[in-house]
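Accompanying notes for the structure given below.
Read-outs: derived from the displayed coordinates by stated rules, not from any lab. The shown structure was predicted, so the numbers you read here are calculated from the model rather than taken from an experiment. Cβ atoms come from the backbone with ideal geometry, glycine included; neighbour counts cover every protein chain shown.
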Amino acid sequence: MKSMGARTSGRLILPLLLVLLLVPLTLFSVFAPSTTIPSFAGTSSTASATNGESQRVIFATRNIYLGADVGVAMERLPNFPAAAQFMWDQVQATDFSSRAPLLAQELIATGAQVIGIQEATTWRCRSGIFSDEIVVHDFLAELVDALAAKGARFSVASVDSVDDKPALNPGFEIAPIPYLTMVRDQERFTKIFGKERVACGFTISDALLVRDDVEVLASGTSEYSATYSIIPTLMTIYRGYAWADLRIGSSTFRAITTHLESLWDPNAIPNAAVQADELIADLKDAKMPIVLLGDFNSDPRDPRPSDEPTVNPGAQPSASTMCPAQVRAPTKASALDSCNAYWKLIRAGFAEISPDAQDPKYFTWGADALLAGATPARIEPSLSMDANGIFTDRLDYIFIKNGTSAVNGAIFGNQWPEGLGTWRCMAPEQVLLTGEGAAAMGKRLPEVAEGRCLPSDHAGIAGAADLAAGEFRDPPLPERARSPFTFWRIAGAGMAILLTLSVVLLLRRRRARRASFNEGASGLGVSGPGE
């Protein structure tokens, strides 16, 4: 998911101000194109190679997509049920149960031993304010099961210790709040809840998956201090990272997966760049080999010289007084890094093992929210850049540092309408988008009315690196926690308080009426109700 840019956030001001006015009431009343993905540098998918004083390890990173366009949903605020229903309908159309086996197949083909996952989404629903939440979709569990079904056993990196947390970091969330985030799904909800309309919400997480032959020595999570507030102090998007110290063969190293902020404001340093500074600071004293995997929401060309669709079709950060336009063909020596997370990491000594970030063949983001190929407006800009007609930006990377040497990297999951990970999707809009996109790109499809969808709106990155041998370990990374008082939790608590007070007041009124009736009846010598 790459969400709203500055122009979108500007369109949200009026409805969000309305939400702000309503909240007190609520609280009171409560990768090169190929259909075969290479295994890297002779390293098989089941064993690691030891080369003298180094250990070859294969990594992959994939944003698996929450399944809906949060930016468009937010435009429906303050109509919360409409926003929730829009997202739920898109999630059903982008059907993760169809995508999970394909994502697993692609990941297995890379031979990766360590995988960074972003947007590992859990959808939870509840039928009432006092009822339990029920997990309806768990993307990470489905992906792990799909990997296991194909013979690849992975799990979230963790150790059995009270001092360590699993390498699973929850990020942005919207809680299921009855009467506020209501969703209708007659077929699914009737079976689960006995009713067709319930409250639903989601949590997006980053996760570090390790193959079962990888030794986990320590694990944890941390939050970035820099957050993005859609409504200050109320609707805040939290980002952070998950990490683990791992041992494979002769090498001990630290792997980190993260998802930097996609939203940005005009004439301000993007939060992704600020968060990159925090990550760099957390790692500045590291001596052991470091591997960063993730969606960094930063293209080497950012900030773009303008917001024109031909120049900036993905609405990435654009030039301003605070953030001047990036130089042409930037290099480590010439790039402007103050507003660019990618160049901050490069200047901090990190190297890529992913393909050339400035080659359009290796762009990784830009698919339509319904996954049926390209967003129509981006087809021509993508083709004009010599990209694949779908992707327009490079946001995903694998970085390495400290006693590490890149071997090679590759991109996967970017072939459409045919490819290892494409699937048949049948929602009417997906069928329409597939036909229009294929025609615009000069692709031929079978004479059948069906959609062809990608497994995610992001391509994946895989790569091999030689890591220095050794057992040295750095201290654990700092553990920063988010505030427990998020907008959605406060709103949910407010609704619960409102309903509780309503029930209490109703019972008191009934008792008062009954007492009044009994007093009057006793004077007339009649019995009260129920006596």
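Assorted remarks:
- Those residues of region 349-365 whose amide nitrogen sits under 18 Å from the label point placed on Asp474, 7 Å along Cα→Cβ: 349-353
- Here's how it looks for Leu336: its modeled amide H is under 5 Å from those of Val327, which are all 5 or more places away or on a different chain.
- Long-range amide H partners of Glu261 with built H, under 5 Å: Ala272
- Three principal axis extents describe the C-alpha atoms of region 283-394; from largest down they are 46, 32, 21 Å.
- Cleavage-rule hits (trypsin sites (Lys or Arg not before Pro)) in region 224-267: DSSP loop, at most 11 neighbouring Cβ within 10 angstrom: none
- Among Leu140, Leu420, the order by Cβ neighbours within 10 angstrom, fewest to most, reads Leu420, Leu140.
- Interchain or long-range residues, amide H under 5 Å from Lys150's placed H: none
- Computed magnitude of the charge dipole of region 194-345 (debye, nearest 20; Cβ of K, R +1, Cβ of D, E -1): 160
- Once C-alpha pairs closer than 8 Å and six or more residues apart are averaged by separation and normalised to the residue number of region 197-270, the relative contact order reads 28 percent.
- Potential extension, Val327-Arg444 segment - 0.36 nm per residue separation minus Cα distance: 38.2 nm
- Cα-projected label distance for Glu53 with Arg153, points at 7 Å along beta-carbon direction, nm: 3.5
- Relative packing of 326-334, 177-185, which averages over residues the other C-beta atoms within 10 Å, highest first: 177-185, 326-334
- Here the Karplus relation 6.51 cos²θ - 1.76 cosθ + 1.60, evaluated at θ = phi - 60°, turns the backbone of region 246-255 into coupling constants of 10, 10, 10, x, 8, 10, 10, 8, 10, 10 Hz, with x for every Gly and Pro.
- Remark: the Glu436-Ala377 segment gains 20.1 nm on full extension, using 0.36 nm per residue and subtracting the alpha carbon distance.
- Chain lengthening between Ser225 and Ile192 when straightened (0.36 nm per residue, less Cα-Cα): 8.0 nm
- Selection among Ser262, Gly249, Val162 by position relative to the dipole of region 156-266 gives Ser262 as farthest towards the positive end (Cβ unit charges, Cα centre).
- Calculated FRET efficiency, Ser320 to Arg247, Cβ-Cβ distance, R0 = 51 Å: about 0.65 to the nearest 0.05.
- Burial order of peptide ranges 108-117, 74-83, 264-273, 448-457 (average beta-carbon count within 10 Å, highest first): 108-117, 448-457, 264-273, 74-83
- Ordering of 346-353, 214-221 by packing is 214-221, 346-353, highest average first (other Cβ atoms within 10 Å, averaged per residue).
- Whole-Hz couplings from phi, Karplus 6.51/-1.76/1.60, listed for region 383-391; x for Gly and Pro: 5, 5, 8, 6, 8, 8, x, 10, 8
- Dimensionless Rg/Rh of region 212-337 - Kirkwood Rh, Rg from C-alpha atoms: 1.04
- Table column - 3J(HN,Hα) (Hz), region 144-160, Karplus curve with 6.51, -1.76, 1.60, x for Gly and Pro: 4, 5, 5, 4, 5, 4, 9, x, 10, 9, 10, 8, 5, 4, 7, 10, 7
- Cross-link pairs beyond the 21 Å C-alpha cut-off, checked among Lys150/Lys443; Lys284/Lys401; Lys361/Lys443; Lys361/Lys401; Lys150/Lys191: Lys150/Lys443; Lys361/Lys401; Lys150/Lys191
- GluC sites (Glu not before Pro) lying in DSSP loop within region 103-165, provided at most 16 other Cβ fall within 10 Å: Glu133
- Sorted by Cβ neighbour density within 10 Å, fewest at the top, the residues Asp295, Asp356, Asp132, Asp337: Asp132, Asp356, Asp337, Asp295
- Largest-first principal axis extents, alpha carbons of region 77-190, Å: 45, 36, 26
- Residues Glu215 and Ile280, FRET efficiency given R0 of 35 Å [Cβ-Cβ distance, rounded to 0.05]: 0.80
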